[in-house]
Amino acid sequence: MAVRKPKVIVTRKLPDPVETRMRELFDAELNLDDTPMGPPELTAAVQRAEVLACTITDRVTADIINAAGPQLKLIANFGVGFDHIDVAAANARGITVTNTPGVLTEDTADLTMGLIMAASRRMIEGSTVTHAGGFHGWTPTWMLGRRLSGKRLGIVGMGRIGQALAKRAAAFGLSIHYHNRKPVSPRIAEDLQATYWESLDQMLARMDIVSVNCPHTPGTYHLLSARRLKLLQPHAILVNTARGEIIDEAALSGMLERGELAAVGLDVYEHEPVINPKLLKLPNAVLLPHMSSATIESRIDMGEKVIINIRTWMDGHKPPDRVIPGML
Ligand code: 8YV
């Protein structure tokens, strides 16, 4: 007996193996030229789709959800963060929301470690100057950065990615400190040799490097506010591979411009894809284009998770990666 294929609208171009599998399993409408969808396109999509397979570039607001037809049953996000989806509005209409946790943890932690190294050792600055023909021979005092080994790393948010970063950082000789809503289990704390700080303020004031690894929720918006950023030591380095909204980007840019902070390594921005113009001018700002999960392996695994969530829903079961408001 032929299995009924649900109408799945995929909002962005996904890796070929993912799209091929989606075509086999679903009545999949793909976005082959990868044009991001604005509110009119998203509204049209939710009026026809049974499943919306969306990404961070889609603002799935309450207005969009309330415009959906009764056939929309599942919003299957391609990505772990879901702050671009009004989950409460979706749930209120009986629409399930899922994400793709776990599969991008290691790649995101790798890139975070990369940003820490690049910012501490001025790697991008060195490469840029070399490409521009500016390497005229070794000198004893040129391109001096800061050693990692023996320094303190403060991780804001000790979930999967924070813990994966802690393991990498320990191998580089950094001592691990963290702030979280609650301490990790004694077994994990011992494994990671991690020191818990209940007070974020106190931790920030004592770290050499700070990494933001918590989700963006109403509670973490501007968690690193202008006041808190001022607590950082002038030689400190700040990296963020979580969400731009967690840091007051204008305040951070001003501090970096005034030399009140040694360097930053950012993969995410408060108003993506717009970046504060001050940051763009500063050589001690290592800036990446939101690429921490950008490996072919992560992106295929994320697609697989989206497919599993849709398949489980099709089979009449609760999808494994359901998200609910306030779960983070
Ligand atoms: C994703 C991310 O690529 O998963 C996340 O939360 O930030 C990214 O690494 C992006 O969200 C895709 O929707």
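The values are calculated or read from the model by the stated rules, or taken from the named source; none is laboratory data. The shown structure was predicted, so the numbers you read here are calculated from the model rather than taken from an experiment. Every residue, glycine as well, gets a Cβ built from its backbone with ideal geometry; the counts of neighbours run over all protein chains shown. With ligands, DNA and RNA removed, areas are computed over all heavy atoms of the protein, side chains included. Shrake-Rupley method; radii C 1.70, N 1.55, O 1.52, S 1.80 Å.
Residue by residue, here is whether (1) out of contact with any strand residue (DSSP E or B) (no Cβ under 9 Å at 6 or more places or on another chain); (2) in contact (Cβ under 8 Å) with a residue 60 or more places away in the chain; (3) in a strand (DSSP E or B) holds:
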| residue | (1), (2), (3) |
| --- | --- |
| 147 | yes, no, no |
| 163 | no, no, no |
| 177 | no, no, yes |
| 183 | no, no, no |
| 187 | yes, no, no |
| 204 | no, no, no |
Could you identify the single residue in 80, 51, 18 that is within 16 Å of the ligand (Cβ to nearest atom) and within 18 Å of the chain's Cα centre (by Cα)?
80
Does residue 11 satisfy the criteria of being within 13 Å of the ligand (Cβ to nearest atom) and under 20 Å from residue 244 (Cβ atoms)?
no
Among the numbered criteria (1) over 19 Å from residue 111 (Cβ atoms); (2) open to solvent by less than 60 Å² (accessible area, probe 1.4 Å); (3) assigned to a loop (DSSP other than H, G, I, E, B), which single criterion is violated by residue 158?
(1)
Before we move on, is residue 142 aromatic (Phe, Trp, Tyr), closer than 19 Å to residue 242 by Cβ and open to solvent by 20 Å² or more (accessible area, probe 1.4 Å)?
no
If residue 102 satisfies every condition in (1) crowded, with 21+ Cβ neighbours inside 10 Å; (2) closer than 19 Å to residue 293 by Cβ but one, which is the exception?
(1)
Those helices (runs of 4 or more DSSP H) completely within the range 215-328 that have 2 or more residues that are open to solvent by 40 Å² or more (accessible area, probe 1.4 Å), within 25 Å of residue 181 (Cβ to Cβ) and away from the ligand (no atom under 15 Å from the Cβ) are 226-229
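Per-residue answers, yes or no, for (1) outside the structural domain of residue 96 (by TED's automatic domain parsing); (2) free of Cβ contacts under 8 Å to residues at least 40 places away in the same chain; (3) over 24 Å from the mean Cα position of the chain (by Cα); (4) more than 16 Å from the ligand (Cβ to nearest atom):
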site: 25; (1), (2), (3), (4): no, no, yes, yes
site: 38; (1), (2), (3), (4): no, yes, no, yes
site: 42; (1), (2), (3), (4): no, yes, no, no
site: 57; (1), (2), (3), (4): no, no, no, no
site: 63; (1), (2), (3), (4): no, yes, yes, yes
site: 67; (1), (2), (3), (4): no, yes, yes, yes
site: 70; (1), (2), (3), (4): no, yes, yes, yes
Subset of the range 188-214 that is under 22 Å from residue 120 (Cα atoms) and of a type in the set (Gly, Ala, Ser) - its residue that is least open to solvent (accessible area, probe 1.4 Å)
211
Regarding residue 112, is this residue touching a residue at least 60 places away in the same chain (Cβ under 8 Å), within 16 Å of the ligand (Cβ to nearest atom), part of a helix (DSSP H, G or I) and touching a strand residue (DSSP E or B) at 6+ places or on another chain (Cβ under 9 Å)?
yes
For the structure I just gave you, tell me whether residue 5 is among the basic types (Lys, Arg) and under 23 Å from residue 316 (Cβ atoms).
yes
